[in-house]
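J.: This is the structure, below, for whatever I ask next.
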Amino acid sequence: MPEPADLRSVGGKLEVDLTIHGYRSATGEARYCYRTPNGQEAPTLRVRPGDRVVLRLTNDLAPLERAAAGAAMSHTHASAPPGSDPCRSGAMTATSTNLHFHGMTMPPVCHQDEVIKTSIQPGDAPFEYRFVVPRNEPPGLYWYHPHIHGFSSKQVTGGASGALIVEGLERAIPEVAGLPERVLVLRDLNLLNPGAPPSTAEPVVPKPILDPDGDIANNNTGYGTPARDLSVNFVPVPYPDYTPARITLKPNERQLWRILNAAAITYVHLTLLYDKVPQNLAVVAIDGVPVNIGDSNAPRTKTVDHLVIPPGSRAEFIVEGPPAGTHGLLITRMVNTGPDGENDPNRALVSVEAAADAPEPRSRLPAHGAPLPRTRLPWIGDETPTRVRKLFFSERRSDPSSPQSPTLFFLTPEGETPAVFDPAAPPTIVVHQGDVEDWIIENRSLELHDFHIHQLHFQLREWYGYQVNEPFLRDTVSVPFFDNLMTAYPSVRVRMDFRDPNTVGTFVYHCHLLEHEDGGMMGTIRVLARSSGDADEHR
Ligand SMILES: [Cu+2]
């Protein structure tokens, strides 16, 4: 299994040229990739807090447009007139693109981390992202991907994503100092062998049923045809045989594995088996945040033997390589996505082998690091929320009289009428910088949803009625599905942190199952500057 190339900042600056390329596979699938001028694909960007980043993005998706010419478009978004301003047009088509820096607390302004209006067209001059990595950005794994409303799922499913690492994890978690590290980017893709019968090694399961949106429905057995294939660092592990990618370690070698679930719709539920026995994973960071960030007395590792990573989320953990002669296998176990969810069965991902002459991973963490300074702000978990809001996920058929009509997806503040996301509508939620709010996010649909908000992290307080009060932060959280036997809708409660001045401006929150986001499950929030109501209008 190859590792993505590393692009490291030098002297406090990282300059990157990326081109997004697209082409159609032999079967007509749209494929996307970020490439540097010397051919590195989807490189990992490695930065430190305080670094300046200049990333020039060129849109080379025109060939896809030619390939699709004449084909019916599934969306009716306006295209941009030639020469339109990429910062303002908001014109989003299958060949438009932009970048979101997922997890980063950067200002939601054009050329930094703005996705509602920013849209780069084929033929535009290279578009310059230029920003400073916030000095208080927690060290860990972040990522970049396009965020073109209506087309995010297509571009991300096609491969458009890459890792972004804020260095310095060893400053929070001394246990990782000096360890070799590996970046594993999990992506999903449309099935390579859609018509194949399941492997004869599997139990007999119901025949695949397509839901009204064309995805293979959850059969809740752990087997059968998945809705999507998965790949690991672009090595596909396709249905039905799931021939795994391969990693070799020195026997019993300890490594830090940094895993990004960049799949558009597929949950992963990781277990590392050695001779079929689940191994302990020492989790040190979730969603780019060390697990002890809110409490210096909290354990610096969280030991688990299985781990769910929803789309968009990241997990970083220490593994110990297998002893010589032991066969290891990283698998994803079934995820019950709900009666209306897609099929996420058990499957192998990576074969993990021990060899005395195994090559070292490309990167290793520093052996020493000055302890991470405490932030100026009190821990969010100790703050008193200024208000409590409730939002709910819901769905309905676009044509109520037709059970096979496509689904409309909604994310709605309680008391309002569900409506699909409209980028031109005024913000649904307005808060002030400095506010701390508790949001209760309820799921009134029969499938999992995956709440994400741009520009900030939140603290998970309650999950499915259980107090968790985590001593760390997330930017993505899975919300359990409703089923008709329940007496109340399942929910999570999160503490939203609008204290950082970089959150001032207008940005989005949405379901990170990208088909749902594209289908309307998104809303806009405006964070007003504390001192003036007008000064932030340009944001
Ligand atoms: Cu969703």
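The values are calculated or read from the model by the stated rules, or taken from the named source; none is laboratory data. In this text the structure is predicted, and so the values were computed from the model without any measurement. With ideal geometry, Cβ positions are generated from the backbone for all residues, glycine too; neighbour counts draw on all protein chains shown.
J.: For the stretch 435-487, how many residues meet the condition of being among the small types (Gly, Ala, Ser), over 18 Å from the mean Cα position of the chain (by Cα) and at pLDDT 95 or above?
T.: 1
J.: Restricting attention to the stretch 389-414, which residues are more than 16 Å from the ligand (Cβ to nearest atom), modelled with pLDDT of 95 or more and more than 15 Å from Met496 (Cβ to Cβ)?
T.: Glu414
J.: In contact with a strand residue (DSSP E or B) (Cβ under 6 Å, 6 or more places away or on another chain), basic (Lys, Arg), buried (at least 23 other Cβ atoms within 10 Å of the Cβ) and under 30 Å from Leu249 (Cβ atoms) - does that describe any residue in the stretch 186-202?
T.: yes
J.: Would you be able to say whether some residue in the stretch 458-477 is within 16 Å of the ligand (Cβ to nearest atom) and not charged (D, E, K, R)?
T.: Yes, some residue in the stretch 458-477 is within 16 Å of the ligand (Cβ to nearest atom) and not charged (D, E, K, R).
J.: What is the one condition in (1) within 16 Å of the ligand (Cβ to nearest atom); (2) more than 19 Å from His147 (Cβ to Cβ); (3) hydroxyl-bearing (Ser, Thr, Tyr) that Tyr509 does not satisfy?
T.: (2)
J.: Turning to a different aspect of this structure: What's the total number of residues in the stretch 119-144 that are under 17 Å from Arg31 (Cα atoms) and touching a His at 6+ places or on another chain (Cβ under 6 Å)?
T.: Counting residues in the stretch 119-144 that are under 17 Å from Arg31 (Cα atoms) and touching a His at 6+ places or on another chain (Cβ under 6 Å) gives 0.
For every residue, the table says whether it meets (1) charged (D, E, K, R); (2) under 19 Å from the mean Cα position of the chain (by Cα); (3) under 30 Å from Val132 (Cβ atoms).
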site	(1), (2), (3)
Ser152	no, yes, yes
Gln155	no, yes, yes
Asp188	yes, yes, no
Ala196	no, no, no
Ser199	no, no, no
Pro208	no, no, no
Thr221	no, no, no
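J.: Next question. Looking at the stretch 433-457, which of its residues are outside any loop (DSSP other than H, G, I, E, B) and in contact (Cβ under 8 Å) with a residue 60 or more places away in the chain? Let's see the steps before the verdict.
T.: Start the filter on the stretch 433-457 by keeping residues that are outside any loop (DSSP other than H, G, I, E, B), which leaves 436-443, 449-453.
Matches in the stretch 433-457: Val436, Glu437, His449, Asp450, Phe451, His452, Ile453.
J.: Can you name the residue in the stretch 487-505 that is out of contact with any strand residue (DSSP E or B) (no Cβ under 6 Å at 6 or more places or on another chain) and in a loop (DSSP other than H, G, I, E, B) and, of all such residues, is surrounded by the most Cβ atoms within 10 Å (Cβ to Cβ)?
T.: Only one residue fits best here, namely Asp500.
J.: Let me ask another. Just the residues that are touching a Gly at 6+ places or on another chain (Cβ under 6 Å) and surrounded by 21 or more Cβ atoms within 10 Å (Cβ to Cβ), please, taken from the stretch 219-263.
T.: Leu249
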